[in-house]
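Structure first, commentary second.
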Amino acid sequence: MILVTGATGTVGREVVGRLPAGSAVRVMTRDPARAPDSVAAEVVRGDYDDPRSLARAVQGVRAVFLVTNRVGSDDDARFVEAARSAGVRHVVKLSAAAVADPLAQDLITCWQRGNEALLRGSGMEWTLLRPRAFMSNTLSWAPAIRSEQVVRALYGSSPTACVDPRDIAEVAVRALTEGGHAGRAHTLTGPEPITAAEQTAQLAELLGRPLRFEEAEVAQMRAALRARHPDTVTEALLESAERRREGGKSEVEGAVREILGRPAGSFRAWAADHLSAFSAG
């Protein structure tokens, strides 16, 4: 049995859809009504704050895809304890590329470092997936693109080797179903570094209409982020953006090609497949 947590999220949903036909799959979600319905999977309600629900979710499970996102929480500790007690053999953990950057000391990165250390010391087999920023993060631009034909972002000329979430999911499936991944950390990037201004230009070409890139002010971005995140997370995201401005997120890694036997997906290809989200109607 394979358990997928975060199955309603960007990567978890893709993992569920890519697991081999006939696999015994269980999906854990706080809201079973939102679980993917495209494949045959057992759906269980699970909450990191509810140890009993975690114990039920991991019962009889061999391997887990683990996603946690409440920064600063003990969600990983609670889950790892439940998994270890249930005899889970292998945990594939979604982490972050910044963990390997000694200059990245923001709250989110430090939290993920602690989560990785917890898993490595758990006694279970582990695989760490460390993706760079998701290409799908640009979906946050969609409302302004549709209404104003504009993209506003920080440090528009600073590149990042962002990655297609579908590539992350494919690597996760390999780690869950094949040997050779235990005890390894895979840093996952796209095929090339790309700036927000370049992404804007590519979206304009694909949409067939002009788009304008506007460099956002830090104060402007802070206000926008605070509308969606706690202040501590907002400041961590701004620190992360500074690392991008300093060039800390531009390095391309070869893990996607090595594991999947093909090049990592480009931003242009991802955008072409999601163009309807940016279209006016």
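At-a-glance table
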read-out: Considering residues of segment 35-73 that are more than 11 Å from Thr5 (Cβ to Cβ) and in contact with a Phe, Trp or Tyr (Cβ under 8 Å, 6 or more places away or on another chain) only, the residue surrounded by the fewest Cβ atoms within 10 Å (Cβ to Cβ); value: Arg70
read-out: Hey, Pro32 touching a residue at least 60 places away in the same chain (Cβ under 8 Å) and either among the polar types (S, T, N, Q) or surrounded by fewer than 15 Cβ atoms within 10 Å (Cβ to Cβ) (or both) or not; value: no
read-out: Criterion violated by Glu81 - all others in (1) touching a Phe, Trp or Tyr at 6+ places or on another chain (Cβ under 8 Å); (2) over 22 Å from Ile168 (Cα atoms) satisfied; value: (1)
read-out: Condition check for Arg89: free of Cβ contacts under 8 Å to residues at least 40 places away in the same chain and touching a helix residue (DSSP H, G or I) at 6+ places or on another chain (Cβ under 7 Å); value: no
read-out: Residues of segment 134-181 satisfying the condition of being of a type in the set (Ser, Thr, Tyr) and either surrounded by fewer than 23 Cβ atoms within 10 Å (Cβ to Cβ) or out of contact with any strand residue (DSSP E or B) (no Cβ under 9 Å at 6 or more places or on another chain) (or both); value: Ser136, Ser140, Ser147, Tyr155, Ser157, Ser158, Thr177
read-out: Members of segment 234-262 found to be farther than 29 Å from Val173 by Cβ and hydrophobic (A, V, I, L, M, F, W, C), listed by number; value: Ala236, Leu238, Ala241
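Quick note: the coordinates plus some simple rules give every number you see, no bench work behind them. What you see is a predicted model, and the numbers here were worked out from it, not measured in a lab. We place every Cβ from the backbone using ideal geometry, glycine too, and count neighbours over all the protein chains shown.
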